[in-house]
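Asker: Below you will find the structure I want to go over with you.
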């Protein structure tokens, strides 16, 4: 961690940016560029220069950082265009999640363990519902958070490996992103889709989500991508547990419709999958996420 002293921090990040720019010129593979970009992003985010430097010093340093990012991109494109590229490849991990493996981060410390039951109970009381047992087991691990397990398919024989641009386009149709935020919302942020809808200005009643979903107040949102996609627990006909649905507010064929459904959370959870690990130029990747150098 760099010093938070303004002068030392400016010098530290200045040297880092210079090293990254020089490394871009010396890079020989796309993997080299990925390593450099990851190093720059991690060091910059870890130093938090915006919190410790004057606005003027921060702005000047940020311009240098942006120039280094631009150089990395230019060098990456140059290497890509001058080097024969393998066919793009996508792999889906055949194994589903467990309660212990679902979240990307580690289980929270004992402080959360002692408060989890009370927090779950408070959320249930506020929402007027009983949360599914598998979902509560996840919340006992963490109060929401990021996960790699965000894919699901309605095709029982969907392939797990795709190679080539055309095959990858087909993969998007087979393997849906059903956790649109790549996460599970924290307990205190859970609310009905109806309440969320009421806070949006649709311009007319015809465009309101309530027109498409008469039972919208019985849907509890768990994950979302902006205001477009919402994964929800559907309590409209909960017997004995709610189903799990994906509400697409901007579906091109009929905006504001359910595009995915599972009869309960346990089966939804069991069907989740994540991208497998591939190696590009010596760099291990899980989908688009950089994991590091191949062992």
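Asker: Residue by residue through region 54-96, note down the ones that are within 30 Å of residue 157 (Cβ to Cβ), in contact with a helix residue (DSSP H, G or I) (Cβ under 7 Å, 6 or more places away or on another chain) and surrounded by 16 or more Cβ atoms within 10 Å (Cβ to Cβ).
Answerer: 90
Results for (1) touching a strand residue (DSSP E or B) at 6+ places or on another chain (Cβ under 8 Å); (2) part of a strand (DSSP E or B); (3) under 25 Å from residue 34 (Cα atoms); (4) modelled with pLDDT of 80 or more, shown as yes or no for each residue.
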{"residue": "252", "(1), (2), (3), (4)": "no, no, no, no"}
{"residue": "255", "(1), (2), (3), (4)": "yes, no, no, no"}
{"residue": "261", "(1), (2), (3), (4)": "yes, yes, no, yes"}
{"residue": "268", "(1), (2), (3), (4)": "yes, no, no, yes"}
{"residue": "279", "(1), (2), (3), (4)": "yes, yes, yes, no"}
{"residue": "285", "(1), (2), (3), (4)": "yes, yes, yes, no"}
{"residue": "290", "(1), (2), (3), (4)": "yes, yes, yes, no"}
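Asker: May I ask you to say which residue of 118, 51 is in the same structural domain as residue 170 (by TED's automatic domain parsing), surrounded by fewer than 14 Cβ atoms within 10 Å (Cβ to Cβ) and not in a loop (DSSP other than H, G, I, E, B)?
Answerer: Exactly one residue qualifies, and that residue is 118.
Asker: Going residue by residue through region 215-228, is there one that turns out to be farther than 30 Å from residue 39 by Cβ, out of contact with any strand residue (DSSP E or B) (no Cβ under 7 Å at 6 or more places or on another chain), in a loop (DSSP other than H, G, I, E, B) and at pLDDT 95 or above?
Answerer: Scanning region 215-228 turns up no residue that is farther than 30 Å from residue 39 by Cβ, out of contact with any strand residue (DSSP E or B) (no Cβ under 7 Å at 6 or more places or on another chain), in a loop (DSSP other than H, G, I, E, B) and at pLDDT 95 or above.
Asker: If you check residue 124 against the conditions, is it more than 22 Å from residue 286 (Cα to Cα) and touching a residue at least 60 places away in the same chain (Cβ under 8 Å)?
Answerer: no
Asker: Shifting gears a bit: Among the residues of region 124-142, how many are surrounded by fewer than 20 Cβ atoms within 10 Å (Cβ to Cβ) and not in a helix (DSSP H, G or I)?
Answerer: Number of matching residues: 3.
Asker: Looking for whichever is buried (at least 16 other Cβ atoms within 10 Å of the Cβ) and under 20 Å from residue 286 (Cα atoms) here; the options are 219, 179, 193, 213. Which one fits?
Answerer: Among 219, 179, 193, 213, only 179 is buried (at least 16 other Cβ atoms within 10 Å of the Cβ) and under 20 Å from residue 286 (Cα atoms).
Asker: State whether the residues of region 143-156 include one that is loosely packed, with under 12 Cβ neighbours inside 10 Å, over 20 Å from residue 228 (Cα atoms), free of Cβ contacts under 8 Å to residues at least 60 places away in the same chain and under 18 Å from the mean Cα position of the chain (by Cα).
Answerer: no
Asker: Ok, one more. From 117, 161, grab the single residue that is in contact with a strand residue (DSSP E or B) (Cβ under 7 Å, 6 or more places away or on another chain) and farther than 25 Å from residue 258 by Cα.
Answerer: Sole residue among the options that is in contact with a strand residue (DSSP E or B) (Cβ under 7 Å, 6 or more places away or on another chain) and farther than 25 Å from residue 258 by Cα: 161.
Asker: If you don't mind, there's one more thing I want to ask. Please go through region 162-193 and pick out each residue that is farther than 30 Å from residue 217 by Cβ and touching a helix residue (DSSP H, G or I) at 6+ places or on another chain (Cβ under 9 Å).
Answerer: 162
The values are calculated or read from the model by the stated rules, or taken from the named source; none is laboratory data. Since the model is a prediction, treat every value here as computed from it, not as a measurement. Note that each Cβ is placed from the backbone with ideal geometry, even for glycine, and that neighbours are counted across all protein chains shown.
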